[in-house]
Amino acid sequence: MNGEISELTNKIIKLKAGAAIFATSESEETEQSDLLEQSSMPVVQPTPQCEEKFDVILVRAGTTKMQVIKLVKDITNLDLKEVKAIVDGTPKAIKEKVSKGEAEEIKRKIEAVGATVEIR
């Protein structure tokens, strides 16, 4: 909610500044834009929380179960017992709420050792 408020505040500031610049003469325009640049109000960048998140699901370990266990352990940084529970209990999430690029990278790595993976 704070991100939305900040975004709306930034839009209002820009709209007010745009209207003020449009109504002033050319010499006053440079003064207005200088004032905008010096403004103490911080410009808030969109947060990564706004982008869509994906879950990487291990559907089947395949015939190279030990390689899958090692790879999932490296990806998740979980202990061996937890990783083995994920691989044995398929379908299970390997990683949740990751970016699309990270999800595709994980899928590519795990499928390279013969496992089946879904991105949801």
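A few remarks follow.
- Taken one residue at a time, the phi angles of segment 83-100 give Karplus couplings (6.51, -1.76, 1.60, θ = phi - 60°) of 5, 4, 5, 5, 5, 6, x, 4, x, 9, 6, 8, 9, 10, 6, 10, 5, 4 Hz. Gly and Pro are set to x.
- Whole-percent P(r), segment 58-116, all Cα pairs, 10 Å bins from 0: 25, 62, 13.
- Proximity of backbone amide H atoms, modeled 1.01 Å from N, is registered between residue 92 and 58 at under 5 Å, excluding neighbours fewer than 5 places apart on the same chain.
- Other residues with beta-carbon under 15 Å from the beta-carbon of residue 63 carry, at +1 per Lys or Arg and -1 per Asp or Glu, a net charge of +1.
- Phi angles across segment 108-120 convert, under the Karplus curve 6.51 cos²θ - 1.76 cosθ + 1.60 with θ = phi - 60°, into 3J(HN,Hα) values of 4, 5, 6, 5, 5, 9, x, 8, 10, 9, 10, 10, 10 Hz, Gly and Pro given as x.
- Karplus-derived HN-Hα couplings along segment 74-81 (A = 6.51, B = -1.76, C = 1.60, θ = phi - 60°), whole Hz, x at Gly and Pro: 5, 6, 8, 6, 8, 7, 4, 4
We did not get these values from a lab; they are worked out from the coordinates using the rules stated. Because the structure is predicted, anything quoted here is derived from the model rather than measured. Cβ coordinates were reconstructed from backbone atoms using ideal geometry, including for glycine residues, and neighbour counts include every protein chain displayed.
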